[in-house]
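For reference, the structure discussed in these notes is given below.
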Amino acid sequence: MRARQVSFLFDLDGTLVDSVYMHVLAWHEALETEGIELSVWRIHRKIGMSGGLFTNMLLRETGLAIDPERAERLRRLHAEAYKRRADRIRPLPGARELLSYLTEAGLPWAIATSGRMETAGPVLATLGVDPGRVPVITRDKVKHAKPDPDLFLAAAEALSQPIEGACVVGDSIWDMLAARRAGGLGVGLLSGGYGEDELVRASAYRVYEDPADLLKHIDEVGGRG
């Protein structure tokens, strides 16, 4: 009997592109514009979670209840601030090479990001990823974002691959929690600022430094064509 083929589902920010801190600064600018004070380090801990959870976090951290109108205004301000920084965002070391390897090896892969296409689009171009040819699941396409499993389940479905055979590659605890809930195998990267122990506690099976390090050890997660 032929062994089940492994597929790869990638987060985007902090996993394939060096954009986490650009998102942090964009959120900080958006919050300041709305007169909301929140330390940069606290914002970083929430990057990658859904917008709804982010507003719940603001209530816990600041005591401010964010109504839907203000939440949408914050989202728009963040997107505008992020776009102004987008030309400085670069792929992480080994990201292009990793994706090229998987393509040449005939291993299916997709991208699943909590960001919307308005912010994801410009950085996908830096990776050479064409959403018309590669499945890209953004927040616009699912009901719930991370740590809910919807993004990764939709990505696996887009590949016509079972989620149980997928390696879910991400840089945050939100990615690992979503991977576990989806039923995939979480693989953590340190390139988004989370520590190895945090990723392991959130269910990462293996942890690597960045895409280049993952490519060096791709056989450890079944990445052979």
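With 0.36 nm allotted per residue and the present C-alpha distance subtracted, the N56-R84 stretch has 7.4 nm of extension available.
Magnitude of the charge dipole for the stretch 9-127, about its Cα centre and with charges confined to Cβ atoms of Lys, Arg (+1) and Asp, Glu (-1), is about 60 debye.
Take every DSSP beta bridge whose two residues both sit in the chain; close to 5 percent of them are antiparallel. Legend: distances between Cα atoms for K83/K146; K46/K216; K141/K216; pairs beyond 27 Å are K46/K216; K141/K216.
Looking at the square roots a ≥ b ≥ c of the eigenvalues of the Cα gyration tensor of the stretch 1-90, which shape do they give, rounded for a/c under 1.5, prolate if a/b is larger than b/c, or oblate? It is prolate, given that a/c is not under 1.5 and a/b is the larger ratio.
Taking a ≥ b ≥ c as the square roots of the eigenvalues of the Cα gyration tensor, the stretch 70-221 is classed as rounded, since a/c falls below 1.5. Need the C-alpha centroid separation for the stretch 182-209 versus the stretch 98-172, integer Å. The stretch 182-209 and the stretch 98-172 have Cα centres spaced 17 Å from each other.
As a calculated quantity, the FRET efficiency between E97 and K143 at R0 = 25 Å, using C-beta atoms, amounts to about 0.15.
Read-outs: derived from the displayed coordinates by stated rules, not from any lab. Not measured: the values here are computed from a predicted model. So basically every Cβ, Gly included, is an ideal-geometry build from the backbone, and we count neighbours across all protein chains shown.
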